[in-house]
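One structure below.
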Amino acid sequence: MGGFAGIAVLGISLGGFMGTDSELLEKAELLTLVECGRELAAEVSLKTLLKTILDRASILTDSPDASVILYSEKRGDLYFAHAVGESAGLLLSQWGESSTQGVPLTRSKAGEVFRTGMSLVENALADDANHFKDVDSDTNRPTVSMICVPLTVAGKPIGAVQILNKRSDGYTDHDRVLLEHFAAQAAVAIRNARLIEEILAHMGFYASRDEARGPTELIDELNRPAHRETITILFADMRGFTQLCQIFGSPEDTQRILNDFLAMLAEAVIGQSGIVNKFLGDGILAFFRGKDQALNAVRCAFTMLANFGGMRDAWDAETNAPLGFLDVGIGIATDSVILGSVGSDRAKEFTAIGVGVILAAHLMEHARNGRRILVDKKTFNAVRSTVAEYEGPEQFELKKPGETTGNMYERYLVKSLTEGGAKQSAAPASPVPKTRGGVFISYSHKDGAWLGRLQTHLKPYLRGKPISVWDDTKIKPGGRWREEIAQALEDATVAVLLVSPNFLESEFIASSELPPLLAAARERGLTILWVPLSFSSYDETEISDYKAVISPDRPIDTMSEAEQNKSWVTVCKWIKEVLQL
């Protein structure tokens, strides 16, 4: 494995487990930990590694359910990276890396362990008011008992390991110590596997973790001499990105938009078994290999276009400027190229060299003005049976720089595919017209935890819908807050007030939020829903003219957790009715 050989090395010996807590472990268990450490050190595929970790943890602690929960830097919460047990599949789809919801760092046991670095042993979670029950609710499988231990590398937390519902009796300190030693090894192994994935990605080999070949095989390929291979090359690029940057203005917004766009392109590529080779400004270069490579590339192109429509609509909702000029151009070519690593022993890059790469880039450059997917003749012939609508062939000349004459080629405009009786169109869609459909939330910063509860309950109602939810955390430092509040109110159909003594005390709310909000209610029919968080003197204000969603005689903070959840569902159903979702 050359330069990678030293990455996945763990110093494993019985001496490494000696300590006060280790006295709780028997020699046979220590030997088992040593063997586990060797097994983890030998595995560099993150997907296989996570499964190995949980299989071993389940056996060590006699537990049917277990999960590795990792921290997402991008979202600032935790996600389930892998799980074993009866509800594993549902857990990963609803709370995994690609899901829209995450485990919060507060109000959850895993979050507490991640933040504090202290393990938890719980044997009566059903009665624990601080247990984050949303995951149990989604899986319809209550957690009875749990050990949760931190995953830490060089003092930095990366996540946690959870084992659940021990078959025999409850969890003990013996189980905790056993799992802590195991987690210490697992954390280093996870860090190493991630490093190898990142190195492969930086070398131009970012592919799906479901790839039949693991990192070891990919590293071997990177070290082999370049060779000829017929592959399908895809270039994709955003049209109008420079103008979009001028509209949004701030570097932070530009970076956010670009990251979201490139992430969408990359997910489309790996979703069709492709390899993301390079990010090119506001575009991407990808390779497809093996059986159905051309069809996978064309399917990928249609996925990109479908996902871009919703992404553009979301950006359009953030600005008054029309974004109809935005589009995506995609060029696809299939040809024999030189494929392999270039560079020195210390710095290598996986790439393709040949006319096919130049041809795909040329097609992408000409895929504009409504002509969104252009393919060469080889690609078209390979996917002809699934193409429903197309234009071509159209002949064109491809010249190398400095040449006066070039070679003639044919290109096709692919307009739609038909697969499984369903038709996918590449026709550009107009942006969704702007209509009022937003939710404006007014609250006191001192009641931020209640805002989080409302947002959590709202997610299932708004997922996949072009509804904006605004609160003052959306105001950027140094931003024009009066204009932002005015715009949010203009876009809103319903305003939700989280009323408490803190809310009524706030001068900002009293002078800057409530007056325009109440004016919008009088002048254009903005719906006001207010939620009593605590007993307060609301009847001394204009808020008393509007009906509370739940009775002010029994505010939220006087209820049990179950009653609170029921009340938040009631609030969300009122919002749903007003928005006609």
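Derived scalar couplings between HN and Hα for the range 550-555 equal 10, 5, x, 6, 9, x Hz in order, rounded to whole Hz, by the Karplus curve 6.51 cos²θ - 1.76 cosθ + 1.60 (θ = phi - 60°), x for Gly and Pro. Cβ-to-Cβ counts within 10 Å put PHE325, PHE261, PHE396 in ascending order as PHE325, PHE396, PHE261, the fewest first.
In terms of surrounding Cβ atoms within a 10 Å radius of their Cβ, LEU374, LEU244 rank from fewest to most as LEU244, LEU374. With Cα atoms as the point set, the radius of gyration and Dmax of the range 245-293 evaluate to 13.5, 44 Å. Summarising the label geometry, the points placed 7 Å from Cα in the beta-carbon direction at ARG167 and SER544 lie 6.4 nm from one another.
Couplings 3J(HN,Hα) for the range 141-148, derived from phi with the Karplus relation 6.51 cos²θ - 1.76 cosθ + 1.60 (θ = phi - 60°), are 9, x, 8, 8, 9, 7, 10, 10 Hz, where x marks Gly and Pro. Near LEU498: Cβ cut-off under 15 Å, other residues only, Lys/Arg at +1 and Asp/Glu at -1. The net charge is -4.
Please compute the net charge surrounding ARG115, taking Lys and Arg as +1 and Asp and Glu as -1 over other residues with Cβ under 12 Å from its Cβ.
Values: positive: ARG107, LYS109; negative: ASP77, GLU112.
Surrounding charge for ARG115 is 0.
Work out the charge dipole of the range 437-581 with +1 on the Cβ of Lys and Arg and -1 on the Cβ of Asp and Glu about the Cα centre, then indicate which of PRO532, PRO515, TRP568 is farthest towards its positive end. The Cα lying farthest towards the positive end belongs to TRP568. Near ASP77, the amide H atoms lying under 5 Å from its own belong to SER72; only residues 5 or more places off or on other chains count, and H is placed 1.01 Å from N. Spin-label pair ALA226-SER537: with each label point 7 Å from Cα along the Cα-Cβ axis, the two points sit 7.9 nm from one another. Pairs of Lys residues in the range 226-425 that lie 8 or more places apart, or on two chains, and have C-alpha atoms under 23 angstrom apart add up to 15. Look at the alpha carbon pairs under 8 Å that are at least 6 residues apart: their mean separation over the length of the range 268-343 gives a relative contact order of 23 percent.
Its alpha carbons give the range 214-332 an Rg and a Dmax of 16.4, 54 Å.
Protection proxy ranking, highest mean first, for peptides 505-514, 99-108: 99-108, 505-514, where packing is the per-residue count of other beta-carbon atoms within 10 Å, averaged. The DSSP beta bridges internal to the range 438-579 are antiparallel in roughly 0% of cases.
By the count of neighbouring beta-carbon atoms within 10 Å, fewest first, SER67, SER72, SER168 end up ordered SER168, SER72, SER67. Using only Cα positions of the range 443-581, each an equal point scatterer, no hydration layer, compute I(q)/I(0) via Debye at q = 0.12, 0.22 Å⁻¹ and quote the log10 values to two decimals. Each listed q maps to, in turn, -0.47, -1.73. Among the trypsin sites (Lys or Arg not before Pro) found in the range 261-362, those both in a DSSP coil and sparsely packed, with 12 or fewer other Cβ atoms within 10 Å of their Cβ, are LYS291, ARG346.
Only the coordinates and a few stated rules stand behind these numbers; no lab work does. Computed from a predicted structure; not experimentally measured. No Cβ is skipped: glycine too gets one built from the backbone with ideal geometry, and neighbour counts run over all protein chains shown.
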